[in-house]
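Got a structure for you, written out below as structure tokens; questions coming shortly.
Laboratory data are not the source of any read-out in this text; all were calculated from the coordinates shown. Given the structure is predicted, the values throughout are model-derived calculations rather than measurements. Reconstructed Cβ throughout: ideal geometry from the backbone, glycine too, with neighbour counts over all protein chains shown.
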Amino acid sequence: MYDWLVVGCGFTGATLAERIATQLGERVLIIDKRGHIGGNAYDYLDESGIRLSKYGAHIFHTYSEKVWNYVNQFADFNDYIHRVDAWVSGRYFAMPLNLETVNSFFDTNLTSESLQQFLYKKRVPIEYPKNAEEAVLSKVGWELYDAFYRSYTKKQWGIDARDLDASVTLRLPIRMDSDKRYFSDPWQGIPVNGYTSLFERMLRHKNIDLLLDANYREIASLVKFKRMIYTGNIDSFFDFEHGKLSYRSLKFEHMGYDTEYFQHVGVVNYPNDFDFTRIVEHKHLYKQRHEKTAVSREYPCWNEEEPYYPIPSTQSQQLYRKYEEAANKLRNVYFCGRLGTYRYYNMDQCVAQALHLFETQVSKREKVTVVG
Ligand code: FAD
Ligand code: UDP
């Protein structure tokens, strides 16, 4: 008899399992239908010994000191600062848009001050942007939108930017200076020995048992447990009774090269060319020295077996609310995480949500409502 069954071994499930085992002293069985721990943050060494992130580049970045301190208990992080270039009209431009990007795109000599006025003239005057297209147009206008956002967004999501929440494109800042960092968060980095080793440390406890290649559907009737935390997709838990939630997926093409470096930065985005959105060169992120290299191309697609991105749109949120209502009625099942609460969360947000759920409900054996 376990006190808790935790379904899903990504950041959300691992954080809750660790907290329950170490802070409550209760017994946990954590399962994953995949053959590895770490969820989408899982990484491994390929046949050449190069560390690869199986599900795309994962950079830990956060504004929360609490979350940063929490994850730093389980790994040393390197000081990697994420850099992305976009390949547009046969040239590299720094992303997110900054002073240098704009100067080089328009062949201007603007300063930080004159850039504001320049963009003010370019922008489309929309006071309250209603979608991901308007969010960009209201800041920089059509030319930059068409070159850097329109096709990337369509390729990534399979739907037009005007059918997505403004929050999608607002994930990227627009900078008036020459700051080339992809993320502005004060704490950023990658575990020196990889994410998988961080997860091994999180789960190494006598109160935690781990079962891989174990789907909740097959396991639930075979083990006894008092309460459950579910971090898989919420619609599948309820047998899709209100209809299927959409998730955008990716196909990853991992390639090895007999050369020291393939590209000059960790990620190059291809908004307008090719079927893939970006190429990741993992060595930059892990700061690994190696005579060979490995890259991954990301091809967006629809694949229900691999649900990576909840779709941030009004329509999807309306359907999700029905599942959230059903979830709130279950007394001993807690839903959490990117798939469990259908939110386009980064890793730090998953850890923060899991810590919050633990502190406010799980540790008190209370069930209030699904946390946001
Ligand atoms: P997941 O990591 O998805 O874990 C859920 C686990 O549940 C999975 O392992 C799944 O196999 C398991 N599961 C599901 N259903 C069942 C079932 N029925 N039975 C058993 N197990 C089940 N975030 C960042 O902060 N920085 C980044 O740079 C970044 N880059 C990303 C790049 C890509 C391409 C993607 C797709 C995501 C990226 N993210 C990034 C987001 C990050 O991956 C997520 O925020 C985080 O991994 C979510 O953690 P989670 O535990 O909620 O879910
Ligand atoms: N985006 C874009 N062009 C780019 C990079 C991002 O239009 O070169 C938009 C696109 O809509 C994307 C969103 O910004 O889905 C968020 O980008 P981010 O890099 O945060 O996406 P993720 O890493 O989550 O895939």
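Going down the list K322/K364; K33/K329; K224/K244; K154/K251, which pairs span over 22 Å between their C-alpha atoms?
K322/K364; K33/K329; K224/K244
Using 0.36 nm times the number of residues separating D179 and K33, minus their current alpha carbon distance, what extension gain do you get?
Full extension from D179 to K33 adds 48.4 nm.
If you average the C-alpha positions of region 147-219 and of region 332-354 separately, how far apart do those two centres end up, in angstrom?
12 Å
What are the GluC sites (Glu not before Pro) within region 301-372 that DSSP puts in a loop, where the Cβ has at most 16 other Cβ atoms within 10 Å?
For GluC sites (Glu not before Pro) across region 301-372 that sit outside H, G, I, E and B with at most 16 neighbouring Cβ atoms in 10 Å, the list reads E304, E305, E366.
Would you work out which of H242, Y342, N78 lies farthest towards the positive end of the dipole of the chain? Charges go on Cβ: Lys and Arg +1, Asp and Glu -1.
Highest projection toward the positive end goes to H242.
For the ranges 106-119, 204-217, what's the packing order if you count other beta-carbon atoms within 10 Å of each residue, average per peptide, and put the highest first?
Highest mean packing first, the order is 204-217, 106-119.
With +1 on each Lys and Arg Cβ and -1 on each Asp and Glu Cβ, how big is the dipole of the chain about its Cα centre, in debye rounded to the nearest 20?
Magnitude of the dipole: close to 920 debye.
Between region 229-308 and region 55-134, what's the alpha-carbon centroid distance in Å?
Using only Cα atoms, the two centres lie 20 Å from each other.
Return the sequence-ordered ³J(HN,Hα) values of region 123-140 in whole Hz as given by the Karplus equation 6.51 cos²θ - 1.76 cosθ + 1.60 applied to θ = phi - 60°, using x for Gly and Pro.
Karplus values, whole Hz, x for Gly and Pro: 5, 8, x, 10, 5, 10, x, 9, 8, 5, 6, 4, 4, 7, 4, 6, 9, 10.
Would you mind computing, in nm to one decimal, how far apart the modelled labels at K130 and Q73 are, each placed 7 Å from Cα along Cα→Cβ?
Modelled inter-label distance: 4.7 nm.
If the elastic network links every pair of Cα atoms under 10 Å, which of A135, A326, A17 fluctuates the most in the Gaussian network model of the chain?
A326
Now a separate question. Treating only the Cβ of Lys, Arg, Asp and Glu as charged (+1, +1, -1, -1), what charge dipole size does region 139-208 show about its Cα centre? Round to the nearest 20 debye.
That gives region 139-208 a dipole magnitude of about 320 debye.
Next question. Taking 7 Å along the Cα-to-C-beta vector as the label spot, tell me the N193-V333 distance in nanometres, rounded to one decimal.
Inter-label distance under the simple model: 3.7 nm.
Okay, next question. Calculate, in whole percent, how much of the Cα-Cα pair population of region 1-111 lies beyond 25 Å.
48 percent
Just to confirm the filter: which chymotrypsin sites (Phe, Trp or Tyr not before Pro) across region 280-321 are DSSP coil and have at most 15 other Cβ within 10 angstrom of their Cβ?
Filter output for region 280-321: W302.
Another question, then. Tell me, what is the percent relative contact order of the chain, built from C-alpha pairs under 8 Å that lie six or more residues apart?
Relative contact order here is 25 percent.
Here's a follow-up. Loop-only chymotrypsin sites (Phe, Trp or Tyr not before Pro) in region 150-191, please: DSSP not H, G, I, E or B, and at most 11 other Cβ atoms within 10 Å.
Answer by residue number: there is no such site.
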